[in-house]
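Written out below as structure tokens is the structure these notes cover.
The values are calculated or read from the model by the stated rules, or taken from the named source; none is laboratory data. These figures come from a predicted structure and were not determined experimentally. Please note: Cβ atoms are built from the backbone with ideal geometry, for glycine as well, and neighbour counts cover all protein chains shown. For accessibility, only protein heavy atoms count, side chains too; no ligands or nucleic acids. Shrake-Rupley method; radii C 1.70, N 1.55, O 1.52, S 1.80 Å.
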Amino acid sequence: MGVTGSTGPVMDRDEVDRALARLGAEHEAIETSLLALQDHAGRRLLEGAELTGVTRERWAATEASITLLWTYFDAYTAALRTAREIRARRRWSSREDLAELTELLCGESVTVAGSAAATADAPTLDGGRGRLSERYSLTTLVDRMNELYARSLDMVVAADAVWSALPARIDLLAAELQRTRQLAHSVGVRPGEHPAGDDLERITRTLTKLREQVVSDPLAFWVPAEGSSAPGGGRPDTTVYDREARALEDVRREVDAVLTVRQDAEKRIVKLRDLLSRADRTLAEARTARGEVLAKIAATEVPVVSGPPTALQEQLATAAEYRRHAQWHRLSPLLESLEQKAEDELMRARESLTAVTAPLAVRAELRGRLDAYRAKVARHGLAQDPLLVERYEKARRMLWSAPCDLRAAEQAVLRYQQAAAELLGSAPRVPGQGAPGDRPGPGA
């Protein structure tokens, strides 16, 4: 809507004709804008909605403003029609006609009932209220219509923007929430049993309440644009929606994790059984080896071998029970804990077996060393030397008898090596080692 108006004591015919042309164009623009506002989807929704809060208050004022807009427009139309009739009386208007037209077009010639302005809470020319009628110039009347139109359109556009944006997005999120809830229920994620189930209930309540509030009070979710005077300048406030969307995404990831547990549960339980079985067999082998060491090796500290991991077996049975009853949310943390404990148990069993069989490994090393030196002296034709035969037989009896004294057997092997080295003409040079008799035994 533009602003019309002209100055001068009395307009001539050309000025009147130009003013009427401008007024006619102004009238068409105003009428087009008012009809567009009347047909605006947001206005129709506001008329049929059960509003609450700030939207109800602003719509009541906006309805009165729209009513006043039409009252102003009717008065404006009547003034324009009167001016056209006066100008149409004669081709060459008299000075009286021109004076009347000047007063009509430029003066405060339009009368509007004061009750109409009071209903719309519109200010009067002198700032007072409750007068029986108000007089306006056409220019002032257009300014008032511009102001009321912008304010009304701003309210209608804001409400329509919120209704166009948020309810549809909330419905889509609610549909996603329903799918997530069904999936969560299938994997045992239920309210009161899993935190994610409680989150789903809270998100459901929040979205239901949010939709009701958006539908009944859309302006409560409108953020005006700073520094903008254009009608409808701003954006819908999606803070609550965005927060619940993120919360639902977190729940969906949690449900996906539980679902992955359901898909891999059997494989993981079988792997756990295998790990614990291997640990049990290794411990059994260590216990058997310990008895063998105690029987074959004398004066040796042999570590005690613990029993099978019964606590882990019980937890594994609990995991299998969770799987049978589809309690995936409980199975997931239990499997993660069991997998680490089973790996640790197998490692401990292997270390126990290594510690228990260490004396047998030392005896095997001494046997190998004795046979290697015998083969060496045999290649030089010294195998039948009496001293070597005597020392070999003594060391052999010690290493192949039970229980075997590893300290004495090692000294016997060293004496055989020394005798062989002397006969071969080269004594062994081992850094940090003195005479063969000074070398510490395996238990030092």
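Out of (1) touching a strand residue (DSSP E or B) at 6+ places or on another chain (Cβ under 8 Å); (2) of a type in the set (A, V, I, L, M, F, W, C); (3) farther than 30 Å from ASP280 by Cβ, the odd one out for CYS404 is which?
Evaluating CYS404 over (1) touching a strand residue (DSSP E or B) at 6+ places or on another chain (Cβ under 8 Å); (2) of a type in the set (A, V, I, L, M, F, W, C); (3) farther than 30 Å from ASP280 by Cβ leaves (3) as the failure.
Run SER133 past the list (1) of a type outside the set (A, V, I, L, M, F, W, C); (2) exposed (fewer than 14 other Cβ atoms within 10 Å of the Cβ); (3) in contact with a Ser or Thr (Cβ under 8 Å, 6 or more places away or on another chain); (4) modelled with pLDDT of 80 or more and report the number of the one that doesn't hold.
(4)
Please determine, by comparing only the residues of the range 396-443 that are modelled with pLDDT under 75 and in a helix (DSSP H, G or I), which one is nearest to ALA378 (Cα to Cα).
Out of the qualifying residues, it is PRO436.
Those residues that are within 14 Å of ALA421 (Cα to Cα) and open to solvent by less than 70 Å² (accessible area, probe 1.4 Å), I need them from the range 360-386; list them, please.
ARG369, LEU370, ALA372, TYR373, ALA375, VAL377, ALA378, GLY381, LEU382, ALA383, ASP385, listed by residue number.
I'd like to know if the range 211-222 contains one or more residues that are on the phi > 0 side of the Ramachandran plot, surrounded by 17 or more Cβ atoms within 10 Å (Cβ to Cβ) and part of a loop (DSSP other than H, G, I, E, B).
Within the range 211-222, the subset on the phi > 0 side of the Ramachandran plot is none.
So far as the range 211-222 goes, no, none of its residues is on the phi > 0 side of the Ramachandran plot, surrounded by 17 or more Cβ atoms within 10 Å (Cβ to Cβ) and part of a loop (DSSP other than H, G, I, E, B).
Going through the range 136-194 one residue at a time, which ones are outside any helix (DSSP H, G or I) and either open to solvent by 10 Å² or more (accessible area, probe 1.4 Å) or within 26 Å of ASP242 (Cα to Cα) (or both)?
Taking the range 136-194 and keeping what is outside any helix (DSSP H, G or I), we get 136-137, 187-194.
Within the range 136-194, SER137, VAL189, ARG190, PRO191, GLY192, GLU193, HIS194 meet the criteria.
Among the listed residues GLU57, GLU85, which satisfies the condition of being open to solvent by 10 Å² or more (accessible area, probe 1.4 Å) and more than 54 Å from the chain's Cα centre (by Cα)? Lay out the reasoning, then the answer.
Details: GLU57 fails: more than 54 Å from the chain's Cα centre (by Cα).
The conditions single out GLU85.
Given (1) assigned to a loop (DSSP other than H, G, I, E, B); (2) under 28 Å from the mean Cα position of the chain (by Cα); (3) of a type outside the set (Lys, Arg), where does LEU259 come up short, assuming only one miss?
For LEU259, the exception is condition (1).
Considering only residues that are open to solvent by 40 Å² or more (accessible area, probe 1.4 Å) and not β-branched (Val, Ile, Thr), look in the range 345-359 and name the one that is nearest to GLU410 (Cα to Cα).
Within the range 345-359, the match that is nearest to GLU410 (Cα to Cα) is ALA358.
Since THR180 meets every condition but one in (1) out of contact with any helix residue (DSSP H, G or I) (no Cβ under 6 Å at 6 or more places or on another chain); (2) over 20 Å from LEU219 (Cβ atoms); (3) polar (S, T, N, Q), which condition does it not meet?
Just one mismatch for THR180, condition (1).
Working only within the range 58-88, note down all residues that are modelled with pLDDT under 80 and under 17 Å from VAL10 (Cβ atoms).
Here is the first cut: in the range 58-88, the ones modelled with pLDDT under 80 are 87-88.
Listed by number, the list holds a single entry, ARG87.
Within the range 1-35, track down each residue that is of a type in the set (D, E, K, R), at pLDDT below 85 and surrounded by fewer than 12 Cβ atoms within 10 Å (Cβ to Cβ).
Applying the first criterion (of a type in the set (D, E, K, R)) to the range 1-35 yields 12-15, 17-18, 22, 26, 28, 31.
Next cut, at pLDDT below 85 only: 12-15, 17.
Scanning the range 1-35 gives a single hit, ASP14.
Could you say which residue among ASP198, ASP242 is part of a helix (DSSP H, G or I), more than 30 Å from GLU336 (Cα to Cα) and either open to solvent by less than 30 Å² (accessible area, probe 1.4 Å) or without any contact (Cβ under 8 Å) to a residue 12 or more places away in the chain (or both)? It would help to see each step written out before you state the result.
Working: ASP198 fails: more than 30 Å from GLU336 (Cα to Cα).
So the residue among ASP198, ASP242 that is part of a helix (DSSP H, G or I), more than 30 Å from GLU336 (Cα to Cα) and either open to solvent by less than 30 Å² (accessible area, probe 1.4 Å) or without any contact (Cβ under 8 Å) to a residue 12 or more places away in the chain (or both) is ASP242.
Are there any pairs with C-beta distances below 7 angstrom linking a residue in the range 251-273 that is in contact (Cβ under 8 Å) with a residue 60 or more places away in the chain to a residue that is among the basic types (Lys, Arg), with the two at least 6 apart or on different chains, and if so which?
Taking only residues 6 or more apart or on different chains, the pairs are ALA265/ARG323; ILE269/ARG323.
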